[in-house]
1. Please verify whether the range 269-278 includes one or more residues that are at pLDDT 95 or above, in a loop (DSSP other than H, G, I, E, B) and under 22 Å from GLN202 (Cβ atoms).
2. Go through the range 419-432 and report how many residues are farther than 21 Å from THR386 by Cα and surrounded by 13 or more Cβ atoms within 10 Å (Cβ to Cβ).
3. Only one of (1) aliphatic (A, V, I, L, M); (2) surrounded by fewer than 20 Cβ atoms within 10 Å (Cβ to Cβ); (3) within 15 Å of the ligand (Cβ to nearest atom) fails for MET217. Which number is that?
4. Tell me, which residue of the range 220-243 that is more than 18 Å from GLY51 (Cβ to Cβ) and either among the charged types (D, E, K, R) or in contact with a Cys (Cβ under 6 Å, 6 or more places away or on another chain) (or both) is surrounded by the most Cβ atoms within 10 Å (Cβ to Cβ)?
5. Would you point out the residue of the range 469-498, among those that are more than 17 Å from PHE425 (Cα to Cα) and in a loop (DSSP other than H, G, I, E, B), that is farthest from the chain's Cα centre (by Cα)?
6. So is VAL187 at pLDDT 95 or above, away from the ligand (no atom under 12 Å from the Cβ) and either among the hydrophobic types (A, V, I, L, M, F, W, C) or in contact with a Cys (Cβ under 8 Å, 6 or more places away or on another chain) (or both) or not?
7. Which residues, counting only those in the range 230-246, are of a type in the set (Asp, Glu) and either at positive phi or near the ligand (Cβ under 8 Å from one of its atoms) (or both)?
8. Pull up the range 433-487, narrow it to residues that are in contact with a Phe, Trp or Tyr (Cβ under 9 Å, 6 or more places away or on another chain), within 20 Å of LEU423 (Cβ to Cβ) and of a type in the set (S, T, N, Q), then point me to the one that is surrounded by the most Cβ atoms within 10 Å (Cβ to Cβ).
Amino acid sequence: METKSNQDKIALAGSELFQKIVAHAKEYGFVFQSSEIYDGLQAVYDYGPNGVELKNNLRNLWWQAMTRLESNIVGVDASIFMHPTVWKASGHVDGFNDPMIDNKDSKKRYRADQLIEDKINEYQNTGQDTLAQKLLSDFNAAQAADNLSSLRDLILEHKIACPLSKTCNWTEVRQFNLMFSTQIGSVADESSTVYLRPETAQGIFVNFLNVQKTARMKVPFGIAQTGKAFRNEVVARQFIMRMREFEQMEMQFFVRPGTQAEWYEYWKEKRMKWHLALGTPANKLRFHKHEKLAHYADAASDIEFNFPIGFKEVEGIHSRTDFDLKQHEAFTSKKLRYQDPEINQSYIPYVIETSIGLDRLFLLTLSNAYTEAEGSDAEGDAKKRTYLDLHPALAPIKLAIFPLIKKEPLQELAMRIFDDLKLDFKVFYEEQAAIGKRYTRQDLIGTPFCATVDFESLEDQCVTLRYRNSTEQKRVPITALRQIVQDEVSMAAFLRKI
Ligand code: ATP
């Protein structure tokens with residue numbers, strides 16, 4: 001696949017670019033606001049025809065990387081509802097909180113920790129490194145001590161104002177539990193309360209022995225799962241970055257106690273390599289080490305991506321110790337141990353978790369792909385050309401097939417090619433509008449190839465194959481199309497590079 005050089009791409013300022021990507025996602029059928037005709041539901045989104053294909057491809061890529069490339073990782077698909085005591089044992093009922101603060105003038109609610117993190121970024125981006133360092137170390141100290149009033153003091157000391165009212169008229173900082181609850185069964189009393197899972201991981205932990213025994217897994221081994229998670233986020237803005245219903249792709253890797261530090265480093269490195277193999281430039285990725293560890297962790301780092309609105313977490317790699325399995329043992333009085341034949345010992349394994357948000361990966365992918373390039377558009381007008389530079393294996397549609405004009409026998413030949421290829425990869429047929437317009441529409445959704453059937457095709461059994469990034473056009477035999485496209489769009493070929 002030929003790619004336009006980066007120099008040809010027009011550099012856009014961060015938030016302007018972000019707004020363009022959000023608008024593009026809606027206009028071209030990737031992401032819609034949920035219940036939009038009812039004015040929407042905040043922080044809940046639906047994926048459109050192109051979005052669902054891209055999302056499925058990303059999920060598939062992760063799933064195959066975990067369960068096919070790794071011989072010692074198997075999958076599960078656990079339910080969203082779980083026994084409510086699971087969340088007591090995991091610590092979520094008592095401790096899954098975010099510190100929130102309200103601005104009294106705008107009446108807007110914010111996460112106190114995020115206001116401070118944004119200020120640290122602002123200091124860093126404006127060369128005020130000493131202030132950034134000081135705020136960071138005070139922030140880490142306040143977090144380590146779980147001191148909510150210190151967080152507020154820092155907000156006041158650094159004159160962090162509400163972006164809307166521009167005032168520092170803040171309330172106290174309070175904790176807010178992020179779990180959604182509902183009632184199960186026909187009787188609504190306290191004993192029937194269930195939670196919408198805030199993470200998929202617990203479905204893996206409670207199935208640890210079922211999986212280990214039925215799949216005859218030997219430590220070290222992993223269990224992978226993708227699925228919906230729900231969090232009543234205090235501040236839910238920034239499009240699909242922070243949603244109340246989202247999808248996680250998590251893998252829990254069970255290891256012998258005492259070996260967790262090396263496995264933690266192993267998975268950190270492996271996951272970073274995965275992101276690089278997907279084509280994300282190294283200078284847009286970084287690790288962020290957690291100073292304040294969650295109650296279950298002995299080490300944790302995030303992989304952050306430089307979105308147009310700055311570096312944000314995409315994936316977490318957490319060394320979760322034996323906390324979760326131990327808690328489930330304590331709450332159920334059932335043994336969750338592994339009999340290790342190599343050392344003839346029975347133990348609760350330690351766990352390294354890799355946890356990535358599918359929606360954030362989707363946004364990362366769109367951010368990387370959105371390209372405005374100098375040059376003429378498909379109709380030859382000298383203006384910028386916009387296209388999605390998606391890897392062909394991820395593109396929603398792999399090949400668009402067009403009869404040059406809406407006439408027989410071009411239509412019939414184009415439909416025959418469509419029918420011949422539709423089981424191999426996602427193809428799309430269109431006969432409306434000028435050919436240039438049809439190319440442009442495919443560029444905008446990232447289709448790597450378009451094939452046009454013209455009158456000459458009837459004679460020479462060739463089509464014009466157009467490449468998205470370079471806009472180059474080549475005459476190729478119809479019989480060669482399958483192989484040319486397959487070589488580029490193959491998920492297996494993509495995975496081989498990982
Ligand atoms: P953040 O600090 O951004 O709230 P987190 O540390 O709480 O994230 P984890 O609990 O580690 O996130 O969840 C793992 C992954 O799930 C995150 O790296 C992110 O990609 C995704 N994720 C978490 N919360 C959300 C959300 N509200 N919307 C979309 N994705 C999310």
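The values are calculated or read from the model by the stated rules, or taken from the named source; none is laboratory data. Computed from a predicted model, the values in this text were never measured in an experiment. Neighbour counts are summed over all protein chains in view; Cβ atoms, including those assigned to glycine, are modelled from backbone coordinates with ideal geometry.
1. no
2. Total meeting the criteria: 9.
3. (3)
4. ARG231
5. Narrowing the range 469-498 to residues more than 17 Å from PHE425 (Cα to Cα): 469-477, 496-498.
Subsequent filtering for residues that are in a loop (DSSP other than H, G, I, E, B) retains 469-472, 497-498.
Values: ASN469: 24, SER470: 28, THR471: 29, GLU472: 32, LYS497: 20, ILE498: 18 Å.
Among residues in the range 469-498 that are more than 17 Å from PHE425 (Cα to Cα) and in a loop (DSSP other than H, G, I, E, B), the one farthest from the chain's Cα centre (by Cα) is GLU472.
6. On the way: at pLDDT 95 or above: no; away from the ligand (no atom under 12 Å from the Cβ): yes; either among the hydrophobic types (A, V, I, L, M, F, W, C) or in contact with a Cys (Cβ under 8 Å, 6 or more places away or on another chain) (or both): yes.
It is false that VAL187 is at pLDDT 95 or above, away from the ligand (no atom under 12 Å from the Cβ) and either among the hydrophobic types (A, V, I, L, M, F, W, C) or in contact with a Cys (Cβ under 8 Å, 6 or more places away or on another chain) (or both).
7. Filtering the range 230-246 for residues of a type in the set (Asp, Glu) gives 233, 245.
Matches in the range 230-246: GLU233 only.
8. The residue in question is THR447.
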